[in-house]
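Trainee: Dropping a structure here in structure tokens format, bear with me for questions.
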């Protein structure tokens, strides 16, 4: 399997979060790797196109896995743990998790869009991500030396700001929505659907 980023604008492979798609190509070969020959014939090819919100979900799951691995690493490596935490809440170069939440969940909070299954998945990913991030900060606090207490306090402050900014977006996505359904006699009925 390999993945290729693309945008609907054919001239660019990368774009902003709301226009970034991903094409996953899954190749099936006639024999399992490793094999004696270095080239094996491809017998099937399947392509999947991930929408921008699906790409964001996948990226957030990847960051959550990085956090989990850094937390569970034995013996604990404080430098690796701090790098992963820093990359999650103090993003300077790339658009971070809070920007992902603003782009995909803010339209729901403002009533511009209605929540769907992808919004719910993203919300659940953010809940898990936040839980792992809190766990990582707690673990880091047990590993640091006295000279890093100020750094730990700074990370905790950034985490608090992150969760305070994220909370209204997650709550807006969780709210129930009314879905209109039509029965056989064309009578309108409304069904209450709770997304998480």
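FYI, it's all coordinate maths here, none of it is from the lab. This structure is a prediction, so every number in the text was calculated from the model and none was measured. Note that we place each Cβ from the backbone using ideal geometry, even for glycine, and neighbour counts take in every protein chain shown.
Trainee: Label points 7 Å out from Cα along the Cβ direction at residue 138 and residue 37: separation in nm?
Mentor: 5.4 nm
Trainee: Once both labels are modelled 7 Å past Cα along the beta-carbon direction, what's the residue 167-residue 151 spacing in nm?
Mentor: A separation of 2.9 nm, rounded to one decimal place.
Trainee: Another question, then. Within a 10 angstrom radius of the beta carbon, how do 36, 29 rank from fewest other beta carbons to most?
Mentor: 36, 29
Trainee: Could you give the nm distance between label points at residue 29 and residue 49, where each point is 7 Å from its Cα heading toward the beta carbon?
Mentor: A separation of 2.9 nm, rounded to one decimal place.
Trainee: Now, a different point. Over the chain, with a Gaussian network built from C-alpha contacts below 10 Å, which listed residue (96, 111, 87) shows the highest mean-square fluctuation?
Mentor: 111
Trainee: Apply the a/c threshold of 1.5 to the C-alpha gyration tensor of segment 11-75 and tell me whether it is rounded, prolate or oblate.
Mentor: Judged from the Cα gyration tensor, segment 11-75 comes out oblate (a/c at least 1.5, b/c at or above a/b).
Trainee: Just 120, 110, 140 to compare: in a GNM of the chain, with alpha carbon springs under 10 Å, which one fluctuates most?
Mentor: 110
Trainee: Once you keep just the Cα pairs under 8 angstrom separated by 6 or more residues, what percentage relative contact order results for the chain?
Mentor: Dividing the mean separation by the residue count of the chain yields 17 percent.
Trainee: Determine, for 151, 21, 2, the number of other Cβ atoms within 10 Å of each Cβ, and report the residues in order from fewest to most.
Mentor: So the residues, fewest neighbours to most, are 2, 151, 21.
Trainee: Another question about this same structure. What FRET efficiency comes out for residue 113 versus residue 160 if R0 is 25 angstrom and r is the Cβ-Cβ distance? Round to the nearest 0.05.
Mentor: Taking R0 as 25 Å, the efficiency between residue 113 and residue 160 is 0.35.
Trainee: May I pose another question? Would you calculate a helix-derived [θ] at 222 nm for the chain, using -39,500 (n - 2.57) for each DSSP H run of n ≥ 4 and dividing by the full residue count, to the nearest 500?
Mentor: -17500 deg cm²/dmol
Trainee: Now, a different point. Using the number of other C-beta atoms within 10 angstrom as an exposure proxy, rank 44, 113 with the fewest first.
Mentor: Final ranking by Cβ density, sparse to dense: 44, 113.
Trainee: What's the center-to-center distance, using Cα atoms, between segment 131-175 and segment 1-38 in Å?
Mentor: 34 Å
Trainee: If the viscosity is 0.890 mPa s and the temperature 25 °C, what Stokes-Einstein diffusion coefficient in µm²/s follows for the chain when Rh is the Kirkwood radius over Cα pairs?
Mentor: 124 µm²/s
Trainee: Could you tell me the relative contact order of segment 50-154? Use alpha-carbon pairs under 8 Å, at least six residues apart, and round to a whole percent.
Mentor: Normalised by residue count, the contact order of segment 50-154 is 41 percent.
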